[in-house]
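The values are calculated or read from the model by the stated rules, or taken from the named source; none is laboratory data. Just so it is clear, the model here is predicted, and its values are computed rather than measured. Cβ atoms come from the backbone with ideal geometry, glycine included; neighbour counts cover every protein chain shown. Protein only, heavy atoms only, side chains kept; ligands, DNA and RNA dropped before computing areas. Shrake-Rupley method; radii C 1.70, N 1.55, O 1.52, S 1.80 Å.
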Amino acid sequence: QVQLVESGGGLVQPGESLRLSCTASGNVPFLMGWYRQAPGKQRDLVALIYSGGATNYGDAVKGRFTISRDNSKKTVYLQMTTLKPDDTAVYYCYAATPRAYWGQGTQVTVSS
């Protein structure tokens, strides 16, 4: 079993930055990352990172968001820059061991 605890969401203005963190309990997942879901929309990929460091980003965030992880802390980070109102969503931490696990979600709101 893996439990995921997220932190770092909040309200920011367009153009600002925010960093999300997600810490896993139990074994170190080989894959960790983030998805997001805006009201009335499907859950979309934000970014994934493998234990070896390989990454994968959703098209909407390429060049603005950076994912990283600290395996010793079983923690994945999402550095979000140049935030836009369209980035407003609930952000869910994801981990695979390979069984899939989800965090409870953290709200990110980008608004002036």
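Side notes on the structure shown:
- Subset of the range 1-50 (residues that are of a type in the set (S, T, N, Q) and under 16 Å from the mean Cα position of the chain (by Cα)): Q3, S7, S17, S21, T23, Q37, Q42
- Failed condition for F65, given (1) open to solvent by 60 Å² or more (accessible area, probe 1.4 Å); (2) touching a helix residue (DSSP H, G or I) at 6+ places or on another chain (Cβ under 9 Å): (1)
- Pairs are defined by a Cβ separation below 6 Å, a sequence spacing of at least 6 or placement on different chains, a first member in the range 44-66 that is within 13 Å of G33 (Cα to Cα), and a second member that is β-branched (V, I, T) and part of a loop (DSSP other than H, G, I, E, B); the pairs so defined are V46/V61.
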